[in-house]
Amino acid sequence: MAEIVLNALAHTYSRKPNAPQDYAIRQMNQVWEQGGAYALLGPSGCGKSTLLNIISGLLEPSDGEILFDGVKVNSLPPEERNIAQVFQFPVIYDTMTVFDNLAFPLRNMKTPAHLIQSKVHEIADILELSPLLHKKAKNLTADEKQKVSMGRGLVRDNVSAILFDEPLTVIDPQLKWKLRRKLKQIHDQFNITMIYVTHDQLEAATFADKIAVMYEGQIVQFGSPHELFENPKHTFVGYFIGSPGMNFMNVQLEEQHFVFEDMKLKVPEKILDKIQHLPYESIKLGIRPEFVHVWDKKNDEAYEVDVIDSEDLGTYHIMTFKLRNQLLKARLHEDQRIPKHKAWISFPDQWLKVYVNEYLVEADDE
Amino acid sequence: MNKIENNKAWFLVLPVFVLVAFSAIIPLMTVVNYSVQDVFDTNTRYFVGTEWFKAILNDAALQSALMKQFMFSFTTLSIEIPLGIGIALLMPKRGMAASLCLVLIALPLLIPLNVVGTIWQIFTRSDIGLMGWSLREMGVAYNISRNPVDAWATIILMDVWHWTPLIALLCYSGLRSIPEAYYQAARIDRASRWAIFRYIQLPKLTNVLIIGILLRFMDSFMIYAEPFVLTGGGPGSSTTFLSQALTTMAIGQFDVGPAAAFSIIYFLIILAVSWVFYTTIMNMQKEK
């Protein structure tokens, strides 16, 4: 059990890194508290697996520190960090039985045989592997194999953390849910720090208390699924989380207003104070499709838009519409009237987010 | 529905039938035919039943050749297999070094069999051969045409030199196909180097090793050209293996009948050993 701290950590695979792009992990500070259930969410190639391998010790970071309970472990190999890792494809020892697979890490640690017996049976019970204990591991199904690889992590006492690298990729959809619940249950039971890498936001949200969203080698936001949804700190988070992702509009700042084509939107005062003196490359306004207000009738605060398309997704509709030349989306309840051709929409202030250089600008007192 | 009777369709099988007949069945039947007859000349022949088979099985020289043959195959295999695996494990995994290694290791495989024999024949000569000369200079009495032990050792060394690369290459390709995650998981499970070999690498090599062992067994059991060139089967008959004995009998002495019976027995032995080996391995792998 351990608290894992990343201190100015960075990693590059190139020998002579010049630009930030050369870094698979750009400098980051991050604390994974003991006993937390975390997800590391991001698209392929964003550095999730690299970060995971640095935490487990399969990879030594090129810069910065990694601390387990305050002790620097940068150059400690995985075996000395007492960490467990479950990989994308189940790794099992083909020639061994399920029992021997589970006992393997214990035998490598020269644990007395009677302790191995009791520990393996305990874990097998939790993972519902008991009936399979004497089967050859190579004849198991993919989800059983993945449970065996998980079990090998769990049999050891006091593992600092269990790391999962997209462990459900090869599992059938209906079993995914079951296995994910099992993970959650194990987390509650053992109070082990778990870090779960995935590119599936649903998987991340159901598993983790807190999600770290990674993008281009950085953690762009670390927060609860709720926070990520309501208050994305970076345009990427807005775009990546939610389905469909956040709507964005490129705007210019002119005096007191954001200008979007021929439209003028008033800038809230607190935000204006903050961005007025900021050098910027881009300003974007973002709003989630869920928060776009669709009116039944024309009214003063609503903009008239052309409805392009409407998709029925069962319990809700996604309406695509054109505001000036920009395509945006809105999510409608199934009992809401679906506008045809023309619609009137507005953006509630509290949900309209301002992003300068892709990062959220917040009013301070929020 | 009425099934249309059209037996002419059977003619479509004819090409395959002809091909197999000429490539396998007819030559084999010819041998069977000879093996049960005593042939004097093209017009004079007598049916002798299983007599040649009995004679061959009771022939002391052939029995000893068979024993030597088994000894030889067993010895070379038990050296080449572990050595090949070892080399594959030590080979660099990527980059220029890996390519260079592969080419260097594969070189002996590219040399024609009788050239291998010739190379080693010269290599072992005490007047001009590097090994023979060096050993003589070191005071070692080494002579493959007088001392059977020297002859055996040299033939085995030659075979190991020639064929270990095959095993090494097969194993190397097998090792390369193991995903990195297995090694990472093993590190996390604190597996020792030996445990990684025993529980990850060796199981993943089983399939290539089966092929390797079968190929090497068959080839070593049929070895002919190399010892023929190197020692000529001597000194005495100490390195006369089965195929050389057979050649002498069939072509040298023109004993077609016994040679045919011998061929059939030879063939059946290889078939039987390969089959036993293969089924044993397969049964060992059988699912519980």
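A few comments on the model shown:
- The condition of being of a type outside the set (A, V, I, L, M), more than 7 Å from every other protein chain (Cβ to nearest Cβ) and assigned to a loop (DSSP other than H, G, I, E, B) holds for only one of A:Glu80, A:Glu60, that being A:Glu60.
- Of all residue pairs spaced 6 or more apart or on separate chains, those with beta-carbon atoms under 8 Å, a first member in the stretch A:79-98 that is at negative phi and a second member that is open to solvent by less than 20 Å² (accessible area, probe 1.4 Å) and among the basic types (Lys, Arg) are A:Ala84/A:Arg152; A:Ala84/A:Arg156.
- The residues in the stretch A:137-158 that are more than 26 Å from the chain's Cα centre (by Cα) and within 12 Å of another protein chain (Cβ to nearest Cβ) can be counted, and the count is 6.
- As a summary of the residue check, B:Leu175 satisfies the conditions (1) under 30 Å from A:Glu80 (Cα atoms); (2) within 14 Å of chain A (Cβ to nearest Cβ) except for the one numbered (2).
- Here B:Thr44 meets each of (1) buried (at least 17 other Cβ atoms within 10 Å of the Cβ); (2) more than 30 Å from B:Met222 (Cβ to Cβ) with one exception, condition (1).
- Of the residues contained in the stretch A:165-183, one or more are found to be in the same structural domain as A:Asn82 (by TED's automatic domain parsing), of a type in the set (Ser, Thr, Tyr) and open to solvent by 10 Å² or more (accessible area, probe 1.4 Å).
- Candidates B:Arg146, B:Arg193, filtered to the one that is surrounded by fewer than 16 Cβ atoms within 10 Å (Cβ to Cβ) and closer than 24 Å to B:Ser220 by Cα: B:Arg146
- Enumeration of residues in the stretch A:286-311 that are among the hydrophobic types (A, V, I, L, M, F, W, C) and open to solvent by 50 Å² or more (accessible area, probe 1.4 Å): A:Trp295, A:Ile308
- Filter pass, A:Ile338 being assigned by TED's automatic domain parsing to the domain that holds A:Val259, assigned to a loop (DSSP other than H, G, I, E, B) and under 16 Å from A:Lys298 (Cα atoms): yes
- Residue that is nearest to A:Gln252 (Cα to Cα) [pool: residues in the stretch A:312-366 that are among the polar types (S, T, N, Q) and open to solvent by 30 Å² or more (accessible area, probe 1.4 Å)]: A:Asn357
- Counting residues in the stretch A:28-45 that are in a helix (DSSP H, G or I), among the aliphatic types (A, V, I, L, M) and under 20 Å from the mean Cα position of the chain (by Cα) gives zero.
- Among the residues making up the stretch B:104-120, those that are without any contact (Cβ under 8 Å) to a residue 12 or more places away in the chain and within 17 Å of B:Ile167 (Cβ to Cβ) are B:Leu104, B:Leu110.
- Options B:Leu242, B:Leu271; residue that is at pLDDT 90 or above and either more than 30 Å from A:Val159 (Cα to Cα) or over 16 Å from the mean Cα position of the chain (by Cα) (or both): B:Leu271
- Qualifying residue in the stretch A:101-113 (condition: open to solvent by less than 40 Å² (accessible area, probe 1.4 Å), hydroxyl-bearing (Ser, Thr, Tyr) and within 14 Å of chain B (Cβ to nearest Cβ)): yes
- Residue within the stretch A:110-126 that is at pLDDT below 90, hydrophobic (A, V, I, L, M, F, W, C) and under 25 Å from the mean Cα position of the chain (by Cα) present: no
- Scanning the stretch A:211-240 for residues that are farther than 15 Å from A:Tyr38 by Cα and among the polar types (S, T, N, Q) gives A:Gln218, A:Asn231, A:Thr235.
- Condition check for B:Leu268: open to solvent by 50 Å² or more (accessible area, probe 1.4 Å), of a type in the set (A, V, I, L, M) and farther than 23 Å from B:Asp150 by Cβ: yes
- Qualifying positions in the stretch A:1-52 - among the small types (Gly, Ala, Ser), farther than 28 Å from A:Lys182 by Cα and open to solvent by less than 20 Å² (accessible area, probe 1.4 Å): A:Ala10
- Scoring B:Ala98 on the criteria (1) out of contact with any Leu (no Cβ under 6 Å at 6 or more places or on another chain); (2) touching a residue at least 24 places away in the same chain (Cβ under 8 Å) leaves a single failure, condition (2).
- Meets criteria (of a type outside the set (Gly, Ala, Ser) and without any contact (Cβ under 8 Å) to a residue 40 or more places away in the chain) for A:Gln276: yes
- Where helices (runs of 4 or more DSSP H) fall wholly inside the stretch B:60-164, the ranges with 1 or more residues that are of a type in the set (Phe, Trp, Tyr) are B:60-90, B:113-123, B:130-137.
The values are calculated or read from the model by the stated rules, or taken from the named source; none is laboratory data. Predicted, not measured: the structure shown is a model, and the values here were computed from it. Ideal geometry is used to build each Cβ from the backbone, glycine not excepted, and the neighbour counts take in all protein chains shown. Remember, those area values only see protein heavy atoms, side chains included, never the ligands or the DNA or RNA. Shrake-Rupley method; radii C 1.70, N 1.55, O 1.52, S 1.80 Å.
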